[in-house]
Structures are given as structure tokens and as C-alpha cells.
Amino acid sequence: MSEKQNKAVLDKGLLDRKALEQGLTEEQAAQSKQQYGTNALAKKETESLWSMFIGAFDDIWIKVLCLALVLKVVLAILGVIVPALGGDNDVIEIISIILAIALATGFSTLSEYRNTSRSEALQEEYNKTYAKVFRNGKLVKVLTSDIVKGDTILIQAGDKVPVDGLVFKGNVKVSQAALNGESRDESKSAADTMEEAESTDYSSAHKVFMGSVVTSGEAYMVATVIGDASELGKINKALTDENEEEERKDTSSLKLEVVAGGIGKLGVSAAAIAGVLQVVLSIMRADEAITPVFVILLIAEAVMLMASIVIMAVPEGLPMMNSLVQSMNTESMYKKNILVSHKAAFSDSAYMNLLFSDKTGTITEGNLSLVEFVLGDGRIVDHVSHNDFLEAITLNNLAKISEGKAIGSNNMDRALLTYAISKGAPDKVDASKVKEISGFDSEKKCATVELNDGTVYWKGATENIINDVTHYMTEDGSIAEFTSAEKAKVEEQMVAQAKRTMKLLSVVKIIGSQKILLAVLSLRDNVRKDAIETVEVLNRAGIQVVMVTGDAEETAVAIAKEAGILKDEKTEVVLTHDELEQLSDDELKKKLPNLRVVSRAKPLDKKRLVTVAQQLDDVCGMTGDGVNDAPALKQADIGFAMGDGTAVAQEAGDVVILNNSLTSIKDCVLNSRTMAKSVGKFLIFQLTVNISTLLMNILAPILGWTEPFSIVQILWINLIMDTLAAMAFGGEPILNRYMNEQPAKRSDNILTGYIKSAIGVSSIFITLGSILILENVGGITTAVMPAGCSNPDLYEKTFMFAFFIYAIIFNSLNTRSERFNLFEHIGENKRFILVMGAIFVLQTVLIQIGGEVFSTTPLTLKALLVSMVLGVLIIPVDMVRKAIMRSNK
């Protein structure tokens, strides 16, 4: 190709077909690449592991821990400057907080990095697709991302169009559903000039667009708009642009922030009470003169105590627990055909109460099949096998047979050919009889084939030919006159079939002046076998399923009924695109709670539905596979992109459903609810320990105790309630009964009435038990203390420490289940058994051999057994609480 010819290709001159067929030379391709770039789509800059680690510090709990760390470091420095203010446990507490931060951010970072890598792997697979390109006059395979402006590309049935460009030779039909949501195929023919080179009109007769799929035909095209400048590229670039409007905060983070605020207020309140009591009671009990220096030191000590209590109130293990559970769940989800791209959004599945779902491939199988036939006399039969009919659907068909299966063309042609194959048509039909075949014409809504003897087979929309039909073929193959009575019967059956979710197509044989109706075909995209059950499960779980489809209203309603989405047409709402467009947002909000079907939907309808639902504080899920779905997927709280969808949709989604199944979405919800349950259990366990410790620190100055726990004992308690407990509760089993519960509202507090009651009752029990021991109520401590005990105070504290830990361990059983059977499904969480069993054994050993390190002294067997019995009493106490909570429901 000469420079002049090349310029004609790249500008808007006349097309030189002969030159274009030769393609670019390597030199010209290099020049074009230098001037215009390549066809590679923009990608969001890959976040480094370090960047993800820094990003993990955006978590509200990590910020609280960092604040606690800074406060502790400041107090430790003051302790060095003023020894009277120093604490013996400063270094250990600082190390403990650093460890908690490191573990939490580490789990979060590694999990996010792993999932991001998998998402990028999917994108890489997309970019590694090849196109048939002419270079140096030869047809070669080139990566779609390496195509340059001016390249000549061969596109055939089944190919995905790799770039925006003009057809200059041949004819093709393309499906642009991924771009504009339209289900019909568009015909594209050869252009004579470059006038439409930069057209953005999808209905253009000559231009094809990246992301479209060639359903039939063959053509040569020239690349005119590439990469990010293409229509698909513009959408992709908009989605990867960092300068987006502020995104809606995910529900899980919102709820945990509320908990953080509540715990902060609790810690500050407890610290203030303890600080005031420390100062007031110390002054009242002082044996020395109260001087200004004495008061200042006393206030300084109170401030130190208050700071320690605030730090103590922070549940250090919660961030790690959250990260651990998210990481474990996202790993298991990958094995169930679910790839989690954004963990926070995946967590929101637990609170989802509204799911907008596509029809094709998600609720239905996505494959048309020929199931019934309406004959000219109005009768419906389940098969037609006379030769004329088989010849009609075989010859008037652009699909091909490969290894006994129909391939190429469109869904409808493949369905007809599949039926013909099942009846042995390929062996009965002579393909050499074809004189001329014309594929589906979108204007005439029909496809025809002419045979050598002048016979024409016609197929298309019945309403376009029924008035011209003169005869019909009976079931036995004979010809009968088509009267107005037969016509009325056929039209009546057509309406009935449409209501049964059938797509209708007529097949007519034309001989001279006779137009013979062979049959009206009823094709169906069957509802997935698992979809009906899944919709029922989702409805029972409090999730409203709304089917959004481009189908006609009658078909959409019929499918929705069959899938169990639409049950009562009197109270439930069905809208068409036109009806939806006429509603104001306020009017739509009123209809939304009862909305079940949106038919003839356009791409922007989806985003509007999500936006309006979110204004009602709904937590919305949205499924999608096309480029046109990307804005709605990104706007939704949980965007479910399909595994066979476009890379743009997968980039916009939060979760990729690799097998396209609605059942996988249900699995996603169930796993997310299990995760939320695990976090709730952990909150009960950890906050019980925190509040018990806070109460004892408040009561200590009132009752005249020294510090209830030693430094190492506090570290051991933190280890139990943070790291070890996170491991134990992180492996809780997935229970189907969670799908029988209604989702918590976005505005609901994660600390439910049940959780608050569990924390309150258990904390009070543990605190009262500790007081019982330290105050020797009823002589209980004296009863288990050996005669001649050398250090009664240490023995008393060891006895209390043993009870405290045993009570925590037994309370973990209470925490696992809201039911009375504490051991249900415990075998499915072996980590829980191992962790709690190990803590029990270690606690017993440490009491006996801990000595000065743990500030303990060996207890007698009687004392150990009594401490265990006192600890186990927390179980019946909690049983009473559960019974009361259940009776109040």
C-alpha cells in the first residue's frame, strides 16, 4: 500500500479495496502505532503490595488501634521522664498492639492481593485473544491489543469484533447486545467511502464496533478507531478513571464504624469513672498530708489508668478477625465458581435485600430450543418431520454442522438446525438444490432461500406474512386451504404461546402464487432447573428478585411466573421501559417494593433502578455481562459480573460469577451471611472479656484491690480474645438456615439486642464471680485454700484468674450458637475445638507452673475443680438469657 493509499485509509477519502486487501506493511504498522498507539484498552493501574498494605490502614479499627498505640507510646515516654508515671507493662502492651495491627493488616493485604491477581488474570485472558489481520499481503494472527489504525481484519461468524472499523468487503450480521443491550442482530455491508469512519451510531449500515459478535457471514474491515478511542474503550476508560464521584460506603464498614464509635464512648466513660474514683478514693484514704505535689501525682496516675482503660476497651482482634474471615471465605468462594474482586462489597451480600437480575443465561439457560409447532389448523403438536419442513429449516439456515452439532449464525438458526439434525435431516436434504440464500433481514424481519426449481422457503415474523398465506400443510403432509377461520385459530394460539414464554417464528413454502404455511415454530429459552429453587430460597431470605430483560412484556411475565419471581399480578408490579421512563423517581420509589419485572429494558434503566433503590436505603445487587451493564454494576452495592461477560463488566463488578448461575449468587449470599454471623459471635466473645475487664478496673479502687491482673496475665487474656479467638470463630460452618432469616437493614446496628444481652449477662456473671472470689464471699476462697498457705493474696488472685479464663472458655460455647444445643455442628469447625481445647489445657498448666512469670501459685485439685465448676455455670446462666430472648420474640 502506498503512502497515498494509506492516508486515504486513515483519513476520510475513498476506499481502495484492492489496496486494503493487502493490509499494512510492517513499516506502515509501526508508523501507525507511533502516531495513533495500539488497540490496548486502558487498565486501572495495578496496586502494589505495599500500596495495598498502606490502604489497609483506612479501616476504622486499624485507625483506632494506631491511635491507641500512639497514646501508649506517649505515656511510656512520659513514664521514662517521670518514673512515678511509668508502667511496668508499657513495652509489652506496645508490642501487643503492634502485633494486632500487623496481623490484621497482613491478612487483609494478602487476601486483597491474591484476589486482585486473579481478577487481572481474567483481564489478561481477554487481552490475549487473537484477530485475523492482513500484514504484508498475508493473513496472520495478531493479538487484538496489537492491532493498529489502518489494519485490515477478516471477521467471520463466531468472531468477536476486535476494533471499531468499516466493512469494505462482504456482509455480516453482528450482535451488539454487549454494547447496547439490543437482542436483535444488525446487518453490516461494505462501505464505499470513509465517511462513517468515526461514527458512533450502532445502527450504522457499514461500521462495526469492538465487543460485537459476528453471528453470520464474512467480511473484511479496516480499523478506524482503536483502543480507548473506541466506543467500548470510552466506557472502559470511564470506569478505570480514578476521578470518580465519591462512592457509597459499603454496609459492613458502616456498621463496624458504628460499633467503633460505641466502644469508644464506652471506653471513655469507663475511663472517666475509674479516673474520678481513683482520685477521690485515694484522697479519702490517704494517710499522709495532701499536698499539691501529691494531688498532681495522683491525677497523673489517674490519667495513666484512664488511658490504659481506653486502650483496654479497644477490641484489637476484630480487624484481624474480619480480615481472616474475609480471606477464608473468598478462598472457598473461588472453589464454588465465585471470584471476589472487592471483599467489602462481597461482605455486603449478607445485607442485600434487592437483586436486579438479567434473564438470559442467569434465570434461563441462554439456549433456544424448538419445542412445539402450531399447524395451520390451529392445533399444537410436539414434532413435525415431513420432508418439506425439514428441508425448509435446514436450507434456509446460516448455521453449520460441526461434529454433529450446530455452530455459528445465531441462537435461532442453531435451534432449528439442531432440531433438523435430531430428525436426520442432513442425510435427507440435498444442499446442492440451493440457488441463492439470503440471511435474516432486520428491516423485512425475514430470511429466505431460493432453490434451483424456483421454490422459495421463507421464515420470519408471522404477522408479516399471515395475511398473504393461502394454504397450509397438515400433519400428514397434505395441502389444505387457509381460511379466515384457520387464521383466527392460529393467531389465538400465537397469543397463548407468547404467554408461555415462547418465541414465535413462521416457516412458509412459496410455490408460484401459493404461500403454504408449514408451521408456526415455538422456540423457548428454558428456565434453568436450579433457578426456580434459588428464587424461592432468595425470597425466603428476604431478598426481592427483580428480572430486568429486553424481552417483550408477555414473554418476560411468563418467564418470571415460571421462575417464581412473579406470583400475584394484582399486587406485584410489572413495568415496561416506556412505563418506567414516564415515572418520576418519587413514583418509582412507591412501586419499587412490589416491582418484579422490567421488560424491554434499556441499559440506563438498570442504573436508575439501583440509584433509586439506594435512596430508599436498600442494599442492591445487580447482575450483568455487557459493556452497557458496567455503570449499573459499579453503582450497585454488589455488582455480580458474569464469567463469560465482557472484561469491562468484570472490571466494574465486585464479584465474578464464573458459571453465570443464580445459584452461585445464592451461595455468595449464604457465605457472606455466615461471615457476618462469625463477626457477631466474635464480638460477643471479645466484648464480654473487654467489658468484664473494664468493670473490674472500675471496681478495683472502690473495693480497695490492687490491679486484678498482672502484666503477663493481661497479655495472655489479649492473646486468647484476639489472635486465638479469631482463628477459632473464623472457621464457623456455613448453615443453610441463615437463608431463612431476613437481612439486617443498612441502618441497623450490628450490635443487635441478642448480642448486647449476651455481652451484658456474661460480663456481669464473670465480674460478679471474680468479686465473689476476691472478696471471699461465703468463705469460698478460704474453702479451697490449703492450710498454711504462704501467700493467701496470690492464691486468691490465682484462683480468680483461673475462674476468669475458664468462664471465658465455656462462654465460647454459648457464643457459637443462638440455640440451646451448644455442640451443634461443632465437628465442622475443628479449629474451634483445637483452639479452645489448647487454651483450656495451657491455662491449667500455666496456673500450676507459671510462677513469678504469670504471677500465679499452684492451686490444689479442689481449687481447680471449683474454679472450673464456677466457670461452667456461665452456660446455664446464658441458657436462661436465651430462653428469655426467645420468649420475647
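Values as computed for the structure displayed
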| quantity | calculated |
| --- | --- |
| Candidates 464, 539, filtered to the one that is outside the structural domain of residue 376 (by TED's automatic domain parsing), without any contact (Cβ under 8 Å) to a residue 40 or more places away in the chain, under 47 Å from the mean Cα position of the chain (by Cα) and surrounded by fewer than 16 Cβ atoms within 10 Å (Cβ to Cβ) | 539 |
| Odd one out for residue 393, checked against (1) among the β-branched types (Val, Ile, Thr); (2) over 27 Å from residue 467 (Cβ atoms); (3) assigned to a helix (DSSP H, G or I) | (2) |
| Lone unmet requirement of (1) under 46 Å from the mean Cα position of the chain (by Cα); (2) more than 23 Å from residue 762 (Cα to Cα) for residue 859 | (1) |
| Residue 59 vs. criteria charged (D, E, K, R), at pLDDT below 80 and more than 19 Å from residue 300 (Cβ to Cβ) | yes |
| Residue count for region 577-621, restricted to those that are part of a loop (DSSP other than H, G, I, E, B) and among the basic types (Lys, Arg) | 2 |
| Breaking point among (1) of a type outside the set (Phe, Trp, Tyr); (2) in a strand (DSSP E or B); (3) at negative phi, for residue 190 | (2) |
| Verdict on residue 757 being in a loop (DSSP other than H, G, I, E, B), of a type in the set (Ser, Thr, Tyr) and over 23 Å from residue 842 (Cβ atoms) | no |
| Residues of region 302-333 that turn out to be surrounded by fewer than 20 Cβ atoms within 10 Å (Cβ to Cβ) and at pLDDT 70 or above, as a count | 2 |
| Within region 851-889, tally of residues that are modelled with pLDDT of 95 or more and assigned to a loop (DSSP other than H, G, I, E, B) | 1 |
| Matching residues in region 389-403 - criterion: being within 13 Å of residue 420 (Cβ to Cβ) and in contact with a strand residue (DSSP E or B) (Cβ under 6 Å, 6 or more places away or on another chain) | 389, 392, 395, 396, 399, 400 |
| Selected residue (only one of 498, 485, 531 is surrounded by 23 or more Cβ atoms within 10 Å (Cβ to Cβ), assigned to a helix (DSSP H, G or I) and of a type in the set (Gly, Ala, Ser)) | 531 |
| Selection status of residue 573, in contact with a strand residue (DSSP E or B) (Cβ under 7 Å, 6 or more places away or on another chain) and closer than 26 Å to residue 251 by Cα | no |
| For residue 336: the one exception among (1) part of a helix (DSSP H, G or I); (2) at pLDDT 70 or above; (3) of a type in the set (D, E, K, R) | (1) |
| Extreme residue, modelled with the lowest pLDDT, among residues of region 117-159 that are touching a helix residue (DSSP H, G or I) at 6+ places or on another chain (Cβ under 8 Å) and among the charged types (D, E, K, R) | 118 |
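The values are calculated or read from the model by the stated rules, or taken from the named source; none is laboratory data. Here the structure is a predicted model, which is why all the values come from computation and not from measurement. Neighbour counts are summed over all protein chains in view; Cβ atoms, including those assigned to glycine, are modelled from backbone coordinates with ideal geometry.
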